[in-house]
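Novice: Quick one: the structure is below, and I'll ask about it shortly.
Derivation of every value follows stated rules applied to the coordinates shown; laboratory data play no part. Predicted, not measured: the structure shown is a model, and the values here were computed from it. Positions of Cβ are backbone-derived with ideal geometry, glycine not excepted, and every protein chain shown enters the neighbour counts.
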Amino acid sequence: MFLHPGIIALTIGSGIVLLLILSAALLGIRILRRWDIKSSSEEQLSLERKTYLVSILVQYALSFEILSVFLFIYTADDIHTLLVGAMCATGSLNANSYGFPTLYAKIVTFFVSASWIAINYLDNKAEDYPLITIKYKLLIGIVPIVLAESALQLQYFLNINPNVITSCCGTMFSEEGKGIGSSLASLPILPTKITFYSLLTILLVNGIAVSRTPIKPFTYLLSISSLLFFIVSIISIITFISLYFYQLPTHHCPFDILQKEYYYVGYPLYISLFSGIFFGMMVGFIEPFKKISLLRETILQTQHRWSLYAIIGAVIFALISTAPMVLLPFTLEGY
Amino acid sequence: MRRSSIFFLLTALKILIIIALFVHSRIELSNRMTLWKDLEGIVSTLKLTDMALFTDARYARHPTQADLFSAFQDYPGSIEHFPTGTIVPPPEFDSVETVIKIK
Amino acid sequence: MGIEKHRNILDYTLLSLLRRKFKNIGIILVFTFVIFIVGSILFLSYSFKREAYLILKGSPEIVVHRMMAGRHELTLLSYMKDIIEIPGVSKVEPRYWGYYYDSMTKANYTILSMGETVMKTSRLLKGRLPEINEKNSAAIGKGVARARFIDIGNVFSLQSADGSQMVFNIVGIFETDSELMTADLIVLSESDFKRLVKMPEGMATDLAIYVYNETEALTVARKIRERFPDSRPILRDEIIRTYDAVFGWRSGLVLTLFIGALAAFIILAWDKATGLSAEEKQEIGILKAIGWETSDILEMKFWEGLVISLTSFLPGIILAYLHVFFFGASLFAPALKGWSVIYPEYRLAPFINFYQVATLMAITVIPYIASTIIPSWKASITEPDIVMRG
Amino acid sequence: MSTEIIIETANTTKIFNKEKPDEVIAVNDVSIKINRGDFVVFKGPSGSGKTTLLSMIGCMTRPTSGSIYVKGKDVSHLPERFMTMIRRNTFGFIFQQFHLIKGVSVCENVMLPLYPTDIKPSKLRKKAEEILHNLGMEGRKDFPVQRLSGGEQQRTTIARALINDPDIILADEPTAHLDTNLSEEFLSIMRGLQQEGKTILIATHDPLVYEKDYINLIIEMRDGRVKNIIGKQ
């Protein structure tokens, strides 16, 4: 392991996040076991007060987690000079088998803790805290994810071996190579484009429907289309979107767009995608809670607002990814 | 004026200073481009491999050329090179050296 | 869901921080200092790394040492003709270099001869370099000139391996701008060098190998090892990575040490936050009694942490930048210098980027904020009816 | 006048340190009804449970058993988050020791209860100044509170209690630290507020207060129980 400032920062950071989530989960277990909203006992009162602690613990953990996703990618990018064969973050992440799983775990942690905060927000709107059981079960579910994330990250940093030549984006996302990256890179462009834009349209139509009247089945459809759109978007970034940014018909790397050479365009691109998708998916996720009468009004309003966020996110993402195709002279036709 | 506005203003001011420093750094760096080119020229003519930052010990003066086997070359018992020794360890060859395998 | 509420709470937070002026300013000063030191270390080491990366691109692609009994030995010039045969190799040149301990000034010089290549004039060299067979002339680094109080046109002497004094005319001095690379150099002609150190004919210190295609360097190095098992090729990549590791290690080491100081600070902050004074506790009780909610108090505490961290973090960065890039990291200079007599004067190139700032934040602000969570919560659950109970 | 019941307690009991050796029954099985516009005095020696009852009515703490209805809504089992909302919107508090926040100006002390709301500070300040003006405090609005006289502090707390335009004003031993003149002044302010339609609840053992003829409900307490209810109309 290198004593690299970024690695130290990430290790400390993930230790802190783990500590926060663990203590939140321990409190959560106590609350789950003893919770009785009807009781006036002092114990119940102290549990109620602990719910505040749990929610700030998770909120802080999430904000650290967001910082850590970016820091992780950036660190991977920075240490590529230490590794033979690495030319960008892809190469560093490829340095051992823990790199990419760590990144995925970070993204999952981000989504799960964000949805916890969303549910917590709703729960705090109703006088009898109707979602408390679901909420704390979910919280306990977060623990293994965060644990896995920290373990993977630690393993990743411990096992980086500069002597092992890693393959970088050039090979990993090459059209000739083997593996997922390569098979994504070699997808035919036109059908992918068509899928991408038709899913975008479905998502937007559903989003508009929900923002008008947040009812079934549109809410569920919005969730499903958001999820599908997320998957297709990531595939599309590798297959064709990134090519337009690089102006190269063979460069498929999803990380290079985060670099200075491409004016950091990757950051707004990924941020709009992630936030848009998150809100879109949450709309359907909270649909079942409408059964709770105290929450019905709040949920209707929330769904209306979140569907707007989903639309905004998706539109910004689509605009950024479409812009170079329209504005720059480079074309993929003929490749 | 509200206290929060004053706080925001002060924070914005500090961020502006940081941005100014950032601009300063970019200007300075672009001014240095020719210097680096010239230095690179000197390095390639004289075939240098190291910086003249630490001249008190052999491994500190030429960390990249230090040999692999004398593990204790001036280290770790070499108190005479103490300050540099804490800053420049003998290179960690297991993390920087490329393994060259002979078939 | 308006923004006013949050600003109102921030307003009150600032008011309450100002009321405990001395305590809070003290904390801000200590925290600023922590960030200043950690930031200086990060900036300094990152700059060295980048600078090494940019300058050492001019190094030979491969340097080949000969090893004997685990020690660096002189290389036989006869290796050259075998090496040049290896496909991909464009040029092989001997390097002559070594150290010279000057007992008068107690300084270590690096002596070298530049072989056959003759440099055209350079902006960074006042005067010229000695010609290949020119006798008794030398070009020296600024550091050597300073240590011996000599200038162009002066003479100085070195003791040769057979005990006689060799006198050299100074024909060139490297300019200040190049000190990072040249401060301790004494460049001699090849014949003078060999005479000075009594190097046998047919030998060189090591060999510099150039290849046509840089990506082939590793293959070439392997072939050299196969052909000469007693050789040790060093790739330019490794040279650059060594500097990455040296400065990474260095900043990592100091950071690890400094984390102790940071931890002490956090304990202090924790203590400040947990040791809720009776007065503060009552204040929070009053706020809750007159209509503030637990989460409002939590928000107030959040702002408190944010105000303190921002008020420390931003000036900390600014000071670190000024310290490292305007004042040459003068606080660290004694540690960097060590016992060296010759120490280059250099102005570091100000490499800064968002990543460093984010790292700095992750190392300093996040532990601080995290350490305030539980104390804030403890303060926030103060019961409102304590004010009724008197 | 309407006879809407604004506060009702039903068998309200508060036990501190329940099931522990130092268990204290502070309020024991209290059932009372208070109409809108009433001027109510809780009378009794210290330790009789009137302060605890007042803090339960004021949604500061929850009863151990029994219920409390404020404007018809059962608040006895509400989580703190929602109790605070009710407290903020319905009640104004006047404490025995004033409990002003030191180092903060009069005006800001008055504004404090509404800080965690979305009201604009300029609007809030105007409202606070208006209330201070009505209480004859306009000249003191930017004074730090620790430099005020006792009477001025008292009026500042009243102003603070009025900032949220509450339906009900709760005062705990408000005259304990005031001389006769200031106590009279305080009571006349309260009387004025009652005439504006506010409900006034005062806990006291000061005869100066409960002998006033405009008081229409006196609840006498002893050992946590209601001993006597005298309704005057």
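Novice: Return D:I94, A:I37 ranked ascending by Cβ neighbour count within 10 Å, so the fewest neighbours appear first. Numbers along the way, then the final one.
Specialist: Details: D:I94 22, A:I37 15.
Lowest to highest Cβ neighbour count: A:I37, D:I94.
Novice: Bin width 5 Å, alpha-carbon pairs only: give the P(r) of the stretch C:10-134 as whole percents, running from 0 to the bin holding the largest distance.
Specialist: 2, 7, 8, 11, 12, 12, 10, 7, 5, 4, 4, 4, 5, 5, 3, 2, 0
Novice: Toward the positive end of the charge dipole of chain C, about the Cα centre and with charges on Cβ (Lys, Arg +1; Asp, Glu -1), which of C:Q282, C:L125, C:T311 goes farthest?
Specialist: Going by the Cα projections, it comes out as C:Q282.
Novice: Order by neighbour count: A:I160, A:I180, fewest other Cβ atoms within 10 Å first, most last. Provide the component values of the computation, followed by the final result.
Specialist: Values: A:I160 23, A:I180 11.
If I rank by nearby Cβ atoms, fewest first, I get A:I180, A:I160.
Novice: Same structure, new question: Got a sec? Charge dipole of the protein assembly as shown, +1 on Cβ for Lys and Arg, -1 for Asp and Glu; which of A:F72, D:P116, C:F168 is way out at the positive end?
Specialist: Checked the options; the winner is D:P116.
Novice: Diagonalise the Cα gyration tensor of the stretch A:191-277 and give the resulting equivalent ellipsoid semi-axes, square root of 5 times each eigenvalue, largest first, whole Å.
Specialist: Working: eigenvalues 166, 38, 15 Å².
That gives 29, 14, 9 Å for the three semi-axes.
Novice: Evaluate the distance, in nm, between pseudo-label points positioned 7 Å from the Cα of A:S39 and of C:F327 along their respective Cα→Cβ axes.
Specialist: 6.0 nm
Novice: Return one number: the angle in degrees, 0 to 90 and rounded to the nearest 10, between the long axis of the Cα atoms of helix D:80-90 and the longest principal axis of the Cα atoms of chain D.
Specialist: 60 degrees
Novice: What shape does the stretch C:61-234 take by its C-alpha gyration tensor, where a ≥ b ≥ c are the square roots of the eigenvalues and a/c under 1.5 counts as rounded, a/b above b/c as prolate, and the rest as oblate? Mind showing how you got there, number by number?
Specialist: On the way: a/c = 2.23, a/b = 1.68, b/c = 1.32.
Prolate is the answer for the stretch C:61-234, as a/c is 1.5 or above and a/b outweighs b/c.
Novice: Roughly what angle does helix D:150-162 make with the longest principal axis of chain D, taking Cα atoms, 0 to 90 degrees, to the nearest 10?
Specialist: Roughly 70 degrees, rounded to the nearest 10.
Novice: Moving on to the next point. Have a look at A:W116, A:W306, A:W35 and tell me which one the Gaussian network model of chain A (Cα, springs below 10 Å) gives the largest fluctuation.
Specialist: Fluctuation is largest for A:W35.
Novice: I need the calculated FRET efficiency for the pair A:V326 and A:I292, taking r as the beta carbon distance and R₀ as 60 Å, to the nearest 0.05. Could the numbers behind the result be given before it?
Specialist: On the way: r = 46 Å, r/R0 = 0.77.
Calculated transfer efficiency: 0.80.
Novice: Express as a percent, rounded to the nearest 5, the fraction of DSSP beta bridges in the protein assembly as shown (both residues included) that run antiparallel.
Specialist: Antiparallel: roughly 70 percent of the beta bridges in the protein assembly as shown.
Novice: Kirkwood hydrodynamic radius for the stretch D:94-233: how many Å is it when counted over pairs of different Cα atoms? Working shown, then result.
Specialist: On the way: mean 1/r = 0.0627 Å⁻¹.
One decimal place: 15.9 Å for the Kirkwood radius.
Novice: Report the Stokes-Einstein translational diffusion coefficient (µm² s⁻¹, integer) for the protein assembly as shown, Rh taken as the Kirkwood radius over Cα pairs, at 20 °C with viscosity 1.002 mPa s. Mind dumping the intermediate values first?
Specialist: Values: Rh = 34.3 Å.
This corresponds to a translational diffusion coefficient of 63 µm²/s.
Novice: I need the Debye-formula profile for the stretch A:1-100: one equal scatterer per C-alpha, no solvent, reported as log10 I(q)/I(0) at q = 0.11, 0.15, 0.18, 0.22 1/Å, two decimals.
Specialist: For the requested q values the scattering log ratios are -0.50, -0.69, -0.84, -1.05.
Novice: Next up: Kindly provide the helix-only [θ] at 222 nm of the protein assembly as shown, computed as the sum of -39,500 (n - 2.57) over DSSP H runs of four or more divided by all residues, to the nearest 500 deg cm²/dmol?
Specialist: So the calculated ellipticity at 222 nm is -17500 deg cm²/dmol.
Novice: Could you pull out every residue, at least 5 positions away or on a different chain, whose amide H is within less than 5 Å of the one on C:S137? Hs are placed 1.01 Å off N in the peptide plane, and Pro or chain starts have none.
Specialist: Residues meeting the amide H criterion: C:N169, C:S189.
Novice: Residues with amide H under 5 Å of D:G103's amide H, sequence separation 5 or more or different chain, H placed in the peptide plane at 1.01 Å from N; which?
Specialist: For D:G103, whose amide H was placed from the backbone, the distant partners under 5 Å are D:V145, D:Q146.
Novice: Which listed residue (C:T359, C:A204, C:L180) has the Cα farthest towards the positive end of the charge dipole for chain C, taking +1 on Lys and Arg C-beta and -1 on Asp and Glu C-beta about the Cα centre?
Specialist: C:L180
Novice: In square nanometres, what is one fourth of the surface area of the convex hull spanned by the alpha carbons of chain A? Walk me through the numbers before you get to the answer.
Specialist: Numbers: hull surface 71.9 nm².
The directionally averaged projection comes out at 18.0 nm².
Novice: Under the Kirkwood approximation for Rh and a Cα-based Rg, what ratio Rg/Rh is obtained for chain C?
Specialist: On the way: Rg = 30.7 Å, Rh = 25.8 Å.
Reported Rg/Rh, Kirkwood definition of Rh: 1.19.
Novice: In terms of modelled amide H atoms, which long-range or inter-chain residues lie less than 5 Å from the amide H of D:I6?
Specialist: It is D:I34, D:N35, D:R36, by chain and number.
Novice: Here's a follow-up. Among D:N181, D:N28, D:N11, which one shows the highest mean-square fluctuation when chain D is modelled as a Gaussian network with alpha-carbon springs under 10 Å?
Specialist: Top of the fluctuation ranking is D:N181.
Novice: Here's something else I'd like to know. Projected area of the stretch A:1-167, taken from the Cα convex hull and averaged over every viewing direction, in nm²?
Specialist: Numbers: hull surface 38.0 nm².
So the mean shadow area of the Cα hull is 9.5 nm².
Novice: Now for a separate question. Please give the average number of partner chain Cβ atoms lying within 10 Å of the Cβ of each residue in A:49-60, rounded to a whole number.
Specialist: Working: counts 8, 2, 4, 11, 9, 1, 3, 10, 4, 0, 3, 7.
Counting other chains' Cβ atoms within 10 Å and averaging over A:49-60 gives 5.
Novice: Please compare each pair in A:K50/D:K102; A:K125/A:K291; B:K14/C:K301; A:K216/A:K291 to a cut-off of 18 Å on the Cα-Cα distance and tell me which ones are over it.
Specialist: Values: A:K50/D:K102 30 Å; A:K125/A:K291 15 Å; B:K14/C:K301 23 Å; A:K216/A:K291 12 Å.
Checking Cα-Cα distances, A:K50/D:K102; B:K14/C:K301 exceed 18 Å.
Novice: Using a cut-off of 19 Å between alpha-carbon atoms, which aspartates and glutamates can reach C:K142, once sequence neighbours fewer than 8 places away in the same chain are excluded?
Specialist: Reachable aspartates and glutamates: B:D38, B:E40, B:D50, B:D56, C:D102, C:D151, C:E175, C:D177, C:E179, C:D184, C:E345.
Novice: Can you tell which of A:S242, A:S293, A:S307 shows the greatest fluctuation in a Gaussian network model of chain A with Cα springs below 10 Å?
Specialist: Of A:S242, A:S293, A:S307, the Gaussian network model singles out A:S293 as fluctuating most.
Novice: Another one. Suppose every K and R has +1 on its Cβ and every D and E has -1 on its Cβ; what is the size of the dipole of the stretch A:171-335 about the Cα centre, in Debye to the nearest 20? Please list the in-between numbers first.
Specialist: Details: 9 positive and 7 negative charges, 149 e Å.
The dipole of the stretch A:171-335 has a size of about 720 debye.
Novice: Moving on. Work out, in µm²/s and without decimals, the Stokes-Einstein translational diffusion coefficient of the stretch A:171-335 at 4 °C, 1.567 mPa s, Rh from Kirkwood over C-alpha pairs. Could the numbers behind the result be given before it?
Specialist: Numbers: Rh = 16.7 Å.
The estimated diffusion coefficient comes to 78 µm²/s.
Novice: Looking only at other chains, what is the average number of their beta-carbon atoms within 10 angstrom of each beta-carbon in D:99-109? Could the numbers behind the result be given before it?
Specialist: Values: counts 10, 1, 9, 4, 6, 5, 1, 0, 0, 3, 2.
Mean number of neighbouring Cβ atoms from other chains: 4.
Novice: Moving on. First measure r as the distance between the Cβ atoms of C:E214 and A:T213, then evaluate 1/(1 + (r/R0)^6) with R0 = 51 Å and state the FRET efficiency to the nearest 0.05.
Specialist: Details: r = 64 Å, r/R0 = 1.25.
It comes to 0.20.
Novice: Using the 10 angstrom Cβ neighbour count as an exposure proxy, how do D:S31, C:S113, A:S223 rank, fewest first? All intermediate terms of the calculation are to be shown ahead of the outcome.
Specialist: On the way: D:S31 12, C:S113 29, A:S223 22.
Fewest-to-most Cβ neighbours within 10 Å comes out as D:S31, A:S223, C:S113.
Novice: Right, something else. Using +1 on the beta carbon of Lys and Arg, -1 on that of Asp and Glu, and nothing else charged, what's the dipole of the protein assembly as shown about the Cα centre, debye to 20? Mind showing how you got there, number by number?
Specialist: Details: 103 positive and 98 negative charges, 274 e Å.
Its charge dipole is roughly 1320 debye.
Novice: Next question. Where in chain C are the DSSP H helices whose C-alpha atoms run 24 Å or more along the long axis and whose mean Kyte hydropathy is at least 0.5?
Specialist: Working: long enough: C:21-55 (49 Å, 1.38); C:236-274 (54 Å, 0.78); C:294-321 (40 Å, 0.99); C:354-380 (35 Å, 1.04).
Helix filter hits for chain C: C:21-55, C:236-274, C:294-321, C:354-380.
Novice: Still on this structure, please answer the following. Provide a whole-number value for the mean count of partner chain Cβ atoms within 10 Å of the Cβ atoms in peptide B:1-9. Walk me through the numbers on the way to the answer.
Specialist: Numbers: counts 0, 7, 9, 12, 3, 2, 11, 2, 0.
Per residue, the average neighbour count from other chains is 5.
Novice: Charges only on Cβ, +1 for Lys and Arg, -1 for Asp and Glu: so what's the dipole of the stretch A:1-167 about the Cα centre, in debye to the nearest 20? The partial results should precede the final answer.
Specialist: Numbers: 10 positive and 11 negative charges, 59 e Å.
That gives the stretch A:1-167 a dipole magnitude of about 280 debye.
Novice: List the equivalent ellipsoid semi-axes of the stretch C:297-390 in whole Å, largest first, each obtained as the square root of 5λ for an eigenvalue λ of the Cα gyration tensor.
Specialist: Working: eigenvalues 387, 38, 23 Å².
Gyration-tensor ellipsoid for the stretch C:297-390: 44, 14, 11 Å.
Novice: On to the next question. Among the listed pairs C:K49/C:K91; A:K290/D:K18; C:K281/D:K20; A:K290/D:K126; C:K5/D:K198, which have their C-alpha atoms separated by more than 30 angstrom in this model? If you can, show how the numbers build up before the last one.
Specialist: On the way: C:K49/C:K91 28 Å; A:K290/D:K18 38 Å; C:K281/D:K20 26 Å; A:K290/D:K126 42 Å; C:K5/D:K198 27 Å.
Where the Cα-Cα span goes over 30 Å, the pairs concerned are A:K290/D:K18; A:K290/D:K126.
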